[in-house]
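The values are calculated or read from the model by the stated rules, or taken from the named source; none is laboratory data. In this text the structure is predicted, and so the values were computed from the model without any measurement. Using ideal geometry, Cβ is built from the backbone for each residue, glycine included, and neighbour counts are taken over all protein chains shown.
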Amino acid sequence: MSRSIDMRSVLIGGLLAVIALCLVGAVPFIPSEEYGRFQIETNNSHAFILDTATGQVWSSSFYISSSSLIRIENDPNFHAAKTDGRFITVQ
């Protein structure tokens with residue numbers, strides 16, 4: 001049994017595959033100084049966020065009771081946004 005291949009369908013399928021690959025590869029550029037900028041460390045009673053670019057540290061102390069998580073001595077900016085969100089550079 002012989003089957004013929006429709007070249008128009010192959011061309012359309014190939015173009016769709018190329019378009020899909022281009023769309024998947026279109027991610028925003030993050031400069032190397034922004035990638036991995038913030039480091040988070042925790043243990044049983046403390047959490048720290050370190051900005052490796054500026055050296056600033058935010059900390060939060062807490063303890064876990066039998067029914068809930070209780071925060072003590074929390075840095076007021078611990079849960080605030082750390083950057084303005086502009087990671088994309090256009091040249």
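Considering only residues in the range 11-39 that are part of a loop (DSSP other than H, G, I, E, B) and out of contact with any Phe, Trp or Tyr (no Cβ under 9 Å at 6 or more places or on another chain), the one that is modelled with the highest pLDDT turns out to be R37.
Can you work out which of the residues in the range 59-70 that are among the polar types (S, T, N, Q) and surrounded by 11 or more Cβ atoms within 10 Å (Cβ to Cβ) is nearest to G36 (Cα to Cα)?
First, the residues of the range 59-70 that are among the polar types (S, T, N, Q): 59-61, 65-68.
If we keep only those that are surrounded by 11 or more Cβ atoms within 10 Å (Cβ to Cβ) too, we end up with 59-61.
Details: S59: 18, S60: 21, S61: 24 Å.
It comes out as S59.
Evaluating I70 against the criteria (1) at pLDDT below 70; (2) assigned to a loop (DSSP other than H, G, I, E, B) leaves one unmet condition, (2).
For the range 43-58: of the residues being exposed (fewer than 13 other Cβ atoms within 10 Å of the Cβ) and of a type in the set (A, V, I, L, M), which is farthest from P76 (Cα to Cα)? This residue is A53.
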